[in-house]
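The values are calculated or read from the model by the stated rules, or taken from the named source; none is laboratory data. Computed from a prediction, not measured in an experiment: that's the story for all the values here. Cβ: placed from backbone, ideal geometry, glycine included. Neighbour counts: every protein chain shown.
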Amino acid sequence: MSTGRGGTSRAAAREYTEELGQVPPSSERISLGEVRQAGGKRVVVWAVAGDFDPAELSSNLFEMEWPPKSKQIGRFPEIDRVSGSRPSGHGPS
């Protein structure tokens with residue numbers, strides 16, 4: 001995974017691995033654009049072809065107080081489910 005912006009590419013690969021528990025595919029990326037969120041954070045989005053078995057999902061966990069104001073800390077996965085699709089005209093999903 002490389003874009004010419006080494007930091008962006010490394011950060012994306014790290015996030016993919018942390019959130020999905022797998023190494024990202026090394027196939028060519030297709031740019032889907034870039035947006036700047038209201039808080040100023042820049043988000044770069046792309047698609048990449050690869051095989052991903054949703055049964056292999058192994059997300060990292062985060063902690064937060066839940067229910068709110070309960071003083072109970074719960075641990076939750078960053079991602080609780082995964083699904084995929086193919087662009088129209090690119091075969092069955």
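Here are a few things to note about the model shown:
- Gly74 vs. criteria at pLDDT 90 or above and surrounded by 11 or more Cβ atoms within 10 Å (Cβ to Cβ): yes
- Entirely in segment 15-66, the strands (runs of 3 or more DSSP E) that have 1 or more residues that are modelled with pLDDT of 85 or more and among the acidic types (Asp, Glu): 29-36, 61-65
- Close pairs from segment 57-74: first in contact (Cβ under 8 Å) with a residue 40 or more places away in the chain and under 21 Å from Val23 (Cβ atoms), partner part of a loop (DSSP other than H, G, I, E, B) and acidic (Asp, Glu), Cβ under 9 Å, at least 6 apart: Ser59/Glu78; Ser59/Asp80; Asn60/Glu78
- Within segment 8-33, considering residues that are acidic (Asp, Glu) and within 15 Å of the chain's Cα centre (by Cα), the one nearest to Pro77 (Cα to Cα): Glu19
- Figure legend. Inter-residue proximity from segment 23-35: first residues free of Cβ contacts under 8 Å to residues at least 12 places away in the same chain, second residues in a strand (DSSP E or B), beta-carbon distance below 9 Å, spacing 6+ or different chains. Indicated pairs: Glu34/Arg42; Glu34/Val43; Glu34/Val44; Glu34/Val45; Val35/Arg42; Val35/Val43; Val35/Val44; Val35/Val45.
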